[in-house]
Amino acid sequence: MPLVQCQPAGRRGRNRTQLHLLILFLSVLQTHGYIQIPSDYTYNGLKQAPKITSQPISHTAYSLDDVNLDCEASGDPTPSFRWVKDSKQFREVLFESGTLTADDTEDLRFYQGSYRCYVANELGTAVSDLVHLITESIPTLAKEKRQKKRSFEEGQSTVLYCNPPKSSVAPKIHWMDMQLRHIPLNERVTISLDGNLYFANLLVSDSREDYTCNAHYINASVILPKEPIAISVTASNSVVKNRRPQLQKPAGSHSSYLVLRGQTLTLECIPEGLPTPEVHWERMDSALSPTRAKKLNFNRWLQIESVTEADDGEYTCTARNSQGSIKHHYAVSVEAAPYWTKRPEDHLYAPGETVRLDCQAEGIPTPNVTWSINGVPITGTDSDPRRHVSSGTLILNNVQYSDTAVYQCEATNKHGNILVNTHVHVVELPPQILTADGIVYKATEGQTILLRCRTFGSPQPKVEWEVLDSGSDSVLANARISQTTDGNLEISNVSEEDTNIYTCSVKDSNNSISAELEVLNRTKIVGPPQDLRVLRGHDAVLQCKYTVDHKLKYPTIQWKKDNQKITSSAIDDRYTEFQDGSLKITDVQIKDTGIYSCEISTKLDSVSAAGSITVQDKPESPHSLELSDKKERSVTLSWMPGAENNSPVSEYAIEMKEEQYPDKGQWEEYSRVSQDIRHLQILLQPYSTYHFQVRAVNDIGTSGPSPPSDSYSTAPAKPDVNPENVSTVSNDPNSMVITWKELERRQFNGPGFKYKIYWRQASDRGSDWKESIVSNPPFIVNNTETFIPFEIKVQALNDLGAGPEPAAEIGHSGEDLPSEAPSEVTVTELNKTAVLIKWSSVSMESVRGHLLGYKIHLRKKGPRSHSRRGLPVQALMADKYRVIEVHGNKVETVVSDLHFYSNYTVTVAPFNSRGEGPHSKVHHFTTPEGAPGPISFLPFESPSETEITLLWEAPDKPNGVLTGYLLQYHEIVPGIASPQQVESIDLPLFTEFKLKGLNPQSLYRFELRARNAAGDGEPTVKEAATLLNGEPPSAINITAGQTSVNVSWVPGERQRNIAFSFRYLKKRAGGEWEESEKVNSTQAFYQLQGLTPGVHYHLQIMPGNNSWEFKTAGPELHELPSSFATQGWFIGLISAIILLLLVLLILCYIKKSKGGKYSVKDKEEDQVNAGARTMKDDAFGEYRSLESDNEKCSMSQQSVCESKRSSNDSLADYGDSVDIQFNEDGSFIGQYSGRRDPSGHGAHGSSGATSPINPNMPPPSISFPTSVTGFLGPN
């Protein structure tokens, strides 16, 4: 239970004098001379004074078993224990353990008293806390008479008293019934701190005979049930009267409480009344803390744990119900048992030092502080001038080994006492150097370096420093070198000459260490960051070039912006740091403006330099637009500038949007003004609504628009201008169409805008104007004669009036087609493809409009002779008809680009805007012959190694009658002009020519020209060489699959195609040679199919002696045991039966469906055979077309031929049908099978075979069409 005393309480010992505080402050600042042994100091002979590890605790003993006072301690040597009871020696000295227990022969009351434990060894005596042992018997209940049953009326209040047996430890009270069930508690039924049960008002349901108070003595381990109390509550015969609250506890209106610091304060307020009162707690001098003040027991208790001096004050409890309220005041005084504010500490001291043991305690009232030595008060020891106490501080001057002891500081006031043990150990420790030997110190030039020589000993060792090879000079002779008080050597502004070995030694001992100092080059920034001006959105790169000593590796580079570190992250990768120290900032923004510094740091030094980035951007938009000086046709606009973004504004652009109707119109620039102007008068149009906005312009660009100004509308007015470009348009001979350029909407100046049209004949200017009003052009005047001049004008008008008087313009009524044709058309030849055409002009009256010119109609009637076979239809149509326009009144023109040797007709017709008039009479003329055009295609064949056959057709443009051809050719020898060979070829039936006796090793250049009476035509050039005899491949590449193998090879250059086959054999018993179909040597690839997986094969090329071996992929398939079902004769018999049945079915179907009709298949074959081209087939390997190969196919080989055709349709995958060639390195150079002469090099797309002296020529193409996919089986 908390210490609560209902007595007046004052405040004692709160204030401290200023003198006491000053002394305390000075004692804190006093330097202590104690020794702290470093962890790396090695010394094993140091003894330890006794130190109590387990303190005794005050308690109440109900039996001898409860008598147990702990006292355990450590120390070296092992300490002894003795007890003092009531200031007298108690029992004998104990060893190993000082715990005190009872003797069974003693009475329990013998042990009641105050105890203290003393623990001693040769270094001193430690004293425990003073504890109190209370002895009493286990609480019991005296015999009680059963209380009479008490009777109450409903609504009354009452108290059931518990009155448990007295004990030094208050019991915990439980109100229960006979079944040990707790009595329900609430705001109406409450237990007080003294254990009584209070009823604020009674209910009939409160009637019972077993209200039992159970007192639980926890330390005695006993529960004492009191005699049951019986009450009877009867319902009142009259109406229950409500009562205002009254306090059942505490009594009166005021009470005082004394509580000690750290204890728990519980204030109770138990009211009675009807209805049940509510309780409210308050603090008079301040608000209740919701975290410290807890409301318990249905708001009947106010509890504050760990009371402090701040809780001292006045509290109130107010009980209130519908009948009234009552208040009680609690005066709470807080005092304190002694507590430490500063404790002395255990330390080691060297002889001769001064020891200060600061011991400060607080309490209310102020505690008294006393000192003891080894448990003996200082006042009871011999006086020593070296020892005195000042304000609780014990000072020992010039300590000696005899001063080693345990000193006790004890603080006491009326509420208790506290004690602390402090060990003072005066020792002598041998000196040691704790810094490692041979440390290498590195520094850069200009730095200050500290060479450490950390020592320890008691008394403090003295050290000396020396420099290797310094002679007799002291190291401290250098002004830059000094020795610190703790023995370290400090060298400031180091340079390369300070590089040396330094020795630290302890005086009067053999202890010494050496230290090496190495001075490196200082880190420098040789290329500091610049001051940059960067456009927003661009990238900026700041340089930071540096140099470091070669022994300082991996310097770190730290960039900062405005002294804040820049870090690169995955989220924001705008910053990129490079190895050379530079920093790149991507997409700089205005916020990136600032001071940037780079810091280069090594393990020894760091250096920094700074630059800046000024981010420039187009200015921010102006704002705060205002309209003033508003007039009918003007207004003054003013604005405020926005931020310039580090680039001064040069001018402002004023934009306006005029709207005839709301939410329409576009922004247009009105004017630009210099940057020093902030307002402008703007001229306006009538009958318009205006909005204005402003943009700022600097060297970077133009800002966004400002927020629009308020709208401003002008009043309507008469039009200021009339429409322009008033003219007439000719659409119909009997009408005149008047048109003009419409005015813009902003020029209407008012509502009801229209156009007023005026017109009259120009020949009758004295007549009245005819007029009409329209909304928009055009305006049509009907019933006019053809092409009559009129005066016309157009005037703008609106509801407020008409615009200014317009000027008259001259227009004409509609035109008609010209009525007269030109005459006297003549044609004069200027050259073979150009003529001069002349004609006589027509009269102006016949034009019936504005004469725009004449049209020359030129028709080509075809060549004078010679078939035009081979000329495209489109070219014939383009040549047949031409129209040449001659503008103005010209009567002659030159017509060029005519065709040679052609018949032409020409007519001439005038035209105006209405169209063409009648044509002149047809005039005929012809053009002479010209040199023929080039031969379009010049293929060749090479039937042998010394022969070439040239093939061609007649030129598309013979330009006359062909008489023959001129062939010129010569060998191509680099660096040598070969003699030209000339062959004159008369016009043959077949356009081909064979050259014999050619050099197989040479490349030839052929030039072929067509001839007619006008001369020789343009040459067609072909470079070609003869082909060599082919041979089967000798080197092949094999790629094996499970059931197939791909074979590839490189065809020989300039070799004629040759056929060969592949022969293959399984390498196991019973295998037979099988042969593929014929293969083209220029194919470069072939695939054998139908092989057995996992089997070794022999492969040969026939003809030839070369052989290869390969193995198919996959597991080997073993043959089934031999049976009649696997015999060849059986399989053949079954196959023949199936084939015979299939033939019979097909014949039945054909007979049924064919009837008397002819065979479509036979007719198609006839058509194919009829369309095949006849070629000369000298040998198997010759180059020929696909059609000629098809002719060679017999009916039995029809499927093979079909395979040949399909194999040339497309390129397939490597393992499928493909027709390719490979270079020597295996690269693809193949093409589709076809004729040997692809268009390529040479004039007009011609090319020849590859020459051995020209390796860049393309390789021979494939001309022997054969199946790419081989069908296995006997040959």
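Things to note:
- A straight Cα-to-Cα reach below 25 Å connects Lys1067 with the lysines Lys1078, Lys1111, residues fewer than 8 places away in its own chain not being considered.
- Distance from the C-alpha centroid of region 800-844 to that of region 551-622: 78 Å, rounded to the whole angstrom.
- Each Lys and Arg contributes +1 and each Asp and Glu -1, all at the Cβ; summed about the Cα centre of region 74-139, the dipole is approximately 240 debye.
- For region 722-773, the relative contact order comes to 25 percent (Cα pairs under 8 Å, sequence separation of at least 6).
- Building the convex hull from the alpha-carbon atoms of region 661-781 and averaging its projection over directions returns 12.4 nm².
- Per-atom-type breakdown for region 675-726 gives carbon and sulfur 47% of the accessible area (1.4 Å probe, protein chains only).
- Within the full protein context, the accessible area of Leu1133 is estimated at about 90 Å² for a probe radius of 1.4 Å.
- Per residue value of the accessible surface for region 639-732 (all protein chains in place, 1.4 Å probe), Å²: 52 Å²
- Protein accessible area in region 392-546, 1.4 Å probe - carbon and sulfur %: 44 percent
- Protein heavy-atom accessible surface, 1.4 Å probe, per residue over region 433-563: 58 Å².
- Taking Cβ atoms as reference points and 12 Å as the exclusive limit, the residues near Ser1002 contribute a net charge of -1, counting Lys and Arg as +1 and Asp and Glu as -1.
- Region 188-212 and region 1065-1083: distance between their alpha carbon centers, rounded to Å: 120 Å
- With a Förster radius of 51 Å applied to the beta-carbon distance between Ile595 and Thr636, the computed FRET efficiency rounds to 0.70.
- FRET efficiency, 1/(1 + (r/R0)^6) with R0 51 Å, evaluated for Leu296 and Asp382 via beta carbons: 0.30
- Trp769 - accessible surface, heavy atoms, 1.4 Å probe, Å² rounded to 10: 70 Å²
- Cleavage-rule hits, GluC sites (Glu not before Pro), region 423-510, DSSP coil, Cβ neighbours within 10 Å at most 13: Glu428
- Solvent exposure of region 909-1060, expressed per residue, is 45 Å² of accessible area, with all protein chains present and a 1.4 angstrom probe.
- Over all other residues within a Cβ to Cβ distance under 9 Å of Val726, the charged ones net out to 0, with Lys and Arg as +1 and Asp and Glu as -1.
- For region 69-219, convex hull of alpha carbons as volume per residue, Å³: 179 Å³
- Heavy-atom accessible surface of region 805-957: percent carbon and sulfur, 1.4 Å: 51 percent
- FRET efficiency, 1/(1 + (r/R0)^6) with R0 41 Å, evaluated for Asp562 and Thr485 via beta carbons: 0.50
- Inter-centroid distance (Cα atoms) of region 898-957 relative to region 683-747, Å: 59 Å
- Three-way shape label, region 729-788, alpha-carbon gyration tensor, a/c 1.5: prolate
- Residue-count net charge about Pro245 - beta-carbon cut-off 10 Å; Lys, Arg +1, Asp, Glu -1: +2
- Treating each Cα of region 666-726 as one equal point scatterer and applying the Debye formula with no solvent, the log10 of I(q)/I(0) at q = 0.13, 0.26, 0.28 Å⁻¹ comes out as -0.52, -1.28, -1.38.
- Cleavage-rule hits, trypsin sites (Lys or Arg not before Pro), region 708-802, DSSP coil, Cβ neighbours within 10 Å at most 15: Arg765
The values are calculated or read from the model by the stated rules, or taken from the named source; none is laboratory data. Just so you know, these numbers come straight off a predicted model, no measurement behind them. Glycine also receives a Cβ, built like all others from the backbone with ideal geometry; neighbour counts cover every protein chain displayed. When the accessible area is computed, the model is the full protein with side chains, heavy atoms only, and any ligands, DNA or RNA have been set aside. Shrake-Rupley method; radii C 1.70, N 1.55, O 1.52, S 1.80 Å.
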